[in-house]
Amino acid sequence: MYATGTDQYGNSATSDTNSFKTALDSRPPKITDLVIDSTNTGSGADAKAQIAVSFKTDEPATAQVEYGEGSSSTAYVSKTQEDTALSLDHVVIISNLDASKIYHLRAKASDRSKNVTYSEDNAVITKKPAESAFNLILQSLSKAFGWLKIFD
């Protein structure tokens with residue numbers, strides 16, 4: 001790389017060719033704006049839950065979520081597949097979870113230089129499964145007709 005310049009009198013100068021290296025990237029991305037949302041699919045005993053985790057990073061990074069059932073004192077026994085696309089905005093979906101359970105999780109991000117960072121541990125309770133339409137109808141009939149018994 002070299003520099004050139006011309007002064008007010010028309011004199012021009014060119015520097016010698018120089019080379020330089022920029023500093024090595026040793027700082028991991030910063031995770032911000034973490035949002036966790038839980039939804040259910042299906043109803044009754046067949047209900048399954050899913051958790052959507054969204055977050056931002058201050059530099060392009062990959063995204064992954066590590067999670068486990070129970071409180072934060074238990075290990076992260078599972079993890080999502082890593083989204084290797086470098087991005088500033090991330091959304092990770094964890095599917096096929098049990099409804100009405102406690103899970104804890106943390107987001108993981110890695111930049112182009114393989115610097116890794118984690119969010120704090122977060123706990124979420126998946127939603128209670130919705131009653132099946134059949135059970136709702138039986139409960140309604142039971143209230144309307146006191147003599148109708150519902151068997152479990």
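Below, the figures for the structure above:
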{"item": "When residues of segment 85-127 are limited to those that are β-branched (Val, Ile, Thr), over 12 Å from the mean Cα position of the chain (by Cα) and closer than 15 Å to Val35 by Cα, the one surrounded by the fewest Cβ atoms within 10 Å (Cβ to Cβ)", "result": "Ile125"}
{"item": "Count of residues meeting criterion [within 13 Å of Phe55 (Cα to Cα) and among the charged types (D, E, K, R)] in segment 97-112", "result": "2"}
{"item": "Counted residues, segment 54-78 - those being touching a residue at least 24 places away in the same chain (Cβ under 8 Å) and under 18 Å from Thr126 (Cβ atoms)", "result": "11"}
{"item": "Cβ-Cβ under 6 Å pairs, at least 6 apart or on other chains, segment 114-141 side more than 30 Å from Ala85 (Cα to Cα), far side outside any loop (DSSP other than H, G, I, E, B) and at pLDDT 95 or above", "result": "none"}
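The values are calculated or read from the model by the stated rules, or taken from the named source; none is laboratory data. What you see is a predicted model, and the numbers here were worked out from it, not measured in a lab. Glycine gets a Cβ as well: all are built from the backbone with ideal geometry, and neighbour counts include every protein chain shown.
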